[in-house]
Amino acid sequence: MSAQFLQKIVLKVSIMCSKCEVCVMSTIAKFDGITSMALDKEKSTVTIVGIVDVVLIVKALRKAKKPAEIVTVGEPDKPDSGKKPDAEKKKPDAEKKPDPYKDLPPHCKACTYVVYDDYQSNQCIIS
């Protein structure tokens, strides 16, 4: 039996709308052992840090109709202990970027469901 270590997983997932985002994040959040998750909509990637099996995550995403590709699997970034350069302290508020996530539609064609009703009320089905 091998010991499991904390790992950083980056997956490429198609994120076309806000419903896709909710589906991807809720599917991944069901797994035990996840320390953190981050979603980048511009790059369509999900970064997961924790003790989880990447194959099971990809399988669950494909079952949820969100095919995923494994980009990288490796050790998580280690935080710097103590020292930070003066240039990285605080940046002025004027350099804040606008939120690009507000432009997403509420749903995409892949997320909409079409219901087709074949019932015709004017025909008798009892013979």
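The values are calculated or read from the model by the stated rules, or taken from the named source; none is laboratory data. Bear in mind that the values here come from a model prediction, so they are computed numbers and not experimental data. Neighbour counts are summed over all protein chains in view; Cβ atoms, including those assigned to glycine, are modelled from backbone coordinates with ideal geometry. Calculation scope for accessible area: heavy atoms of the full protein, side chains included, ligands and nucleic acids excluded. Shrake-Rupley method; radii C 1.70, N 1.55, O 1.52, S 1.80 Å.
Accessible surface of Lys41, taken over heavy atoms with a 1.4 Å probe and every protein chain present, rounds to 30 Å². Each of Asp77 and Lys59 was given a label point 7 Å from its Cα along the Cα-to-Cβ line. The distance between the two points is 3.1 nm.
Calculate the FRET efficiency for Phe5 and Met37 from the Cβ-Cβ distance with a Förster distance of 22 Å, rounded to the nearest 0.05.
Working: r = 18 Å, r/R0 = 0.82.
Approximately 0.75, to the nearest 0.05.
A simple spin-label model places pseudo-atoms 7 Å from Cα toward Cβ; at Ile70 and Ser14 they are separated by 2.2 nm. Couplings 3J(HN,Hα) of region 6-23, computed from phi: 5, 9, 10, 10, 10, 10, 9, 10, 6, 10, 9, 8, 5, 5, 4, 4, 5, 5 Hz, in residue order, whole Hz [Karplus 6.51 cos²θ - 1.76 cosθ + 1.60, θ = phi - 60°; x for Gly and Pro]. Using a probe of 1.4 Å on the protein chains alone, the accessible area found for Glu42 is around 140 Å².
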